[in-house]
Amino acid sequence: MAVPVLTAVSDAVWESHLVAALERGDLGVSVVRRCVDLADLLATAATGQARAVLLSADLRRLDRDALSRLAVAGVAVVGLVPPGDEEAERRLRQLGVLHVLPSDASPEDISTAVMETVQGAPAAPAPSLSYAEPRTALPDPPPAPPPVQVPEVGVGTGRLVAVWGPTGAPGRTTVAVALASEVAALNRSALLIDGDVYGGVVAQVLGVLDEAPGLAAAARLANNGQLDLPALAALARSVTPTLRLLSGITRADRWPELRPAAVEVVLSLSRSLASVTVVDCGFSLEQDEELAYDTAAPRRNGATLAFLESADTVVAVGSADPVGLQRLIRGLAELKEAVPGLTPRVVVNRVRPSGVPGDPEKEIRGALSRYAGVEDIAFVPLDVPGVDGAVATGRTLVEAAASSPARLALADLAAGLVGMPRAPRKRRLLARSAGKRAAG
């Protein structure tokens, strides 16, 4: 049975010759529709009429987001470029198109590429995409061909740490900035990404006056197939010789700029740019787009989920008070549901005797063990003068309060995350006692 194929080629004359050549011979493919533009292609692909598409590199508005929608529809992609146009071929490959042929390739070669693309599609689930799939809510859906996965950009060897916490400002940004700066202080290259889709403040915390959203710009380039390592390095501002910052969006209404498919490309390249990448994530894990839309819908929290799913380590931050601990316990359950199989590193922030009756560390450890099944917990003492002084001067705790009990605890946590030796037990005890004195 012939494989049903769509075409979406900007040159109508050349497309006519291509379709005629494919139809003349028994090549195992059948052109079922010639799409006039990208919108027509996406609409036709969503109907399930085809298994593959032949598209040209200069198709207007072609980007990674469009390829993600084709992947949802189960349509494989074969790219066609003008002979010798290396720039067009490079762009398609950066968008994730594996099979790229010159436009003067023979019909036999094109049909072979179509068959290989369709038959070689992985059976694994598609990556995190920019759209909710409302059809998953329908009962007993009919069998369908497996979705075609959009190939990912090759990743480097750097580690990715996502810092997350429930609603209520438990100190996600403080912990993320401290971890990145501590990694940099260990003479490791570090990249700090502000990934809070509800309005990031990392640039302000570090005293960076130019708050151009570096992450949004990187995501736009990735979505257009133009992001590479030099481009990412140019967008990531140098804070110290070993610490870079990719600033985030400062307004919550700009969240559509951070599409998950593009964010995943940014994260892949960040592993090559720095030995450790720390992401300050937003709090919300909700995925209710299918309740508000009857079509494919953008996912507001898709970027946050992409950060968490891509991370090697997730640091879950909670506040050391009854309300903060309740939110942390519920948040850990939501986190486990959103990212199955994840075991986060739990950090309890702002520990002080007045927040929890009795011995705060003992009581918090018992509560988290009983209600969340968490045994391994890192405690960060409350240090209002140290943290406030660092934020007020736009500096990190390493620079502003090197002997701060909060800084010493976070330095110990950072060393463990990157595989460096932990601080001596004596120093950790001194940090805890100093924290108790500061809180008292």
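In this calculation the C-beta distance from VAL13 to GLU86 is compared with R0 = 35 Å, giving a FRET efficiency of 0.90.
Inter-label distance, THR47 to SER30: 1.5 nm, where each label sits 7 Å from its Cα along the C-beta direction.
Each Lys or Arg adds one and each Asp or Glu takes one away; over the other residues whose Cβ falls under 9 Å from the Cβ of THR7, this sums to +1. Each pair of Cα atoms in the stretch 159-439 enters the Kirkwood radius, and Stokes-Einstein at 4 °C and 1.567 mPa s then converts it into a translational diffusion coefficient of 68 µm²/s.
Which of the three applies to the stretch 3-122, rounded, prolate or oblate, going by the alpha-carbon gyration tensor with a ≥ b ≥ c and a/c under 1.5 meaning rounded? Rounded, because the longest to shortest axis ratio a/c is under 1.5. The slack in the chain from ASP228 to VAL323, taken as 0.36 nm per residue of separation less the alpha-carbon distance, amounts to 29.8 nm.
Taking a sphere under 15 Å around the Cβ of THR240 and counting the other residues whose Cβ falls inside, with K and R at +1 and D and E at -1, yields a net charge of +2. Under conditions of 4 °C and 1.567 mPa s, the stretch 332-376 yields 111 µm² s⁻¹ as its translational diffusion coefficient, taking Rh as the Kirkwood radius over Cα pairs in the Stokes-Einstein equation. Across q = 0.19 Å⁻¹, the stretch 296-363 modelled as identical point scatterers on its alpha-carbon atoms has Debye log10 I(q)/I(0) values of -0.80, in the order of the q list. Extension gain for THR240 to LEU209 (0.36 nm times residue separation, less C-alpha to C-alpha distance): 9.7 nm.
The largest-to-smallest principal axis extents of the Cα set in the stretch 229-277 are 33, 21, 18 Å. What FRET efficiency would be calculated for the residue pair GLU286, ASP109, taking the C-beta separation as r and a Förster radius of 41 Å, to the nearest 0.05? Result of the calculation: an efficiency of 0.30.
No lab work stands behind these numbers, since they all come straight from the coordinates. Computed from a predicted structure; not experimentally measured. FYI the Cβ positions are ideal-geometry reconstructions off the backbone, even for glycines, and counts take in every protein chain you see.
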